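These notes are about the structure you will find just below.
The values are calculated or read from the model by the stated rules, or taken from the named source; none is laboratory data. Predicted, not measured: the structure shown is a model, and the values here were computed from it. Backbone-built Cβ (ideal geometry, glycine too); neighbour counts: all protein chains shown.
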């Protein structure tokens, strides 16, 4: 390769990197079009922060809450449709989105496409009406916190774990040693508290008794048709049904959707290499069915 060609290629690479960097800094959000109904997607794992990684979609509460607040301030927007295709996520991120929706004094409709389970169902329950396809996956009310434990493998290879801590539970959940019964009980108590909060919120949002929601909170997922019979959703259908409900509740003659979404930037792509840790409000079977495969660590 001659020097002139090398120089040209280097120049093109520099221009590409510079363009991506400028996009990352100045081009975060898509300009909104004129319309009367906000379409806000909750797609993939729900987290407070994070980006899509190698095919695993992520929705952040930071972005979703921003979109909800923008739609609420826009006088032209008469209703919000939350399009959901998510197996759940972290409890704080799910609660943040749910709280933001409940603060909006406009018609709010959740449209569950294929999956609206666990934390995503928590989000859906905070709207006025939930619409889901008869074959969609909903519910899966429960909490999951798990991690891989390597102590047996380490023992096989004569590797030891030397423990130096200040605080009895400081290394709680480390993969290098087995949990004691005391530690198991402590972790389970934290999971139970998150689960109880989740159940109480769903009961309040859906105008159901806590006892009734507890009966359904086995972690089982329900098909849309089953969920309707159980009172977890209101209507069966898809986008057109959601549009129909919005027109009925707002008296608008036609739905003119405004899509709120965020661009993927260069910095987002770099940040996607960072791993996420924490308790998740439901991954389990629902995420397996949507091929959302990653480890949930505590």
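The single residue among 167, 173, 142, 152 that is part of a loop (DSSP other than H, G, I, E, B) and without any contact (Cβ under 8 Å) to a residue 24 or more places away in the chain turns out to be 167.
Checking 63, 72 one by one, the residue that is surrounded by 13 or more Cβ atoms within 10 Å (Cβ to Cβ), at pLDDT 80 or above, in a helix (DSSP H, G or I) and touching a strand residue (DSSP E or B) at 6+ places or on another chain (Cβ under 6 Å) is 63 and no other. Taking the numbered list (1) modelled with pLDDT under 90; (2) not in a loop (DSSP other than H, G, I, E, B) in turn, residue 291 passes all entries but (2). You will find that of 269, 200, the residue that is in a helix (DSSP H, G or I), exposed (fewer than 15 other Cβ atoms within 10 Å of the Cβ) and at pLDDT below 65 is 269 and no other. With respect to being without any contact (Cβ under 8 Å) to a residue 12 or more places away in the chain, surrounded by fewer than 16 Cβ atoms within 10 Å (Cβ to Cβ), on the phi > 0 side of the Ramachandran plot and out of contact with any helix residue (DSSP H, G or I) (no Cβ under 6 Å at 6 or more places or on another chain), residue 229 falls outside the description. Between 153, 144, the distinction of being exposed (fewer than 14 other Cβ atoms within 10 Å of the Cβ) and more than 17 Å from residue 233 (Cα to Cα) belongs to 153 only. A search for C-beta distances below 8 Å between a residue of the stretch 244-255 that is without any contact (Cβ under 8 Å) to a residue 24 or more places away in the chain and any residue that is in a loop (DSSP other than H, G, I, E, B) and loosely packed, with under 15 Cβ neighbours inside 10 Å, counting only pairs 6+ apart in sequence or on different chains, returns 247/253; 247/254. For the stretch 119-134, the set of residues classified as closer than 10 Å to residue 98 by Cβ and surrounded by fewer than 24 Cβ atoms within 10 Å (Cβ to Cβ) consists of 127 only.
Scanning the stretch 176-187 for residues that are over 30 Å from residue 122 (Cα atoms) and assigned to a helix (DSSP H, G or I) turns up 181, 182. Note on the stretch 99-126: among residues that are part of a helix (DSSP H, G or I) and within 19 Å of residue 137 (Cβ to Cβ), the one that is farthest from the chain's Cα centre (by Cα) is 125.
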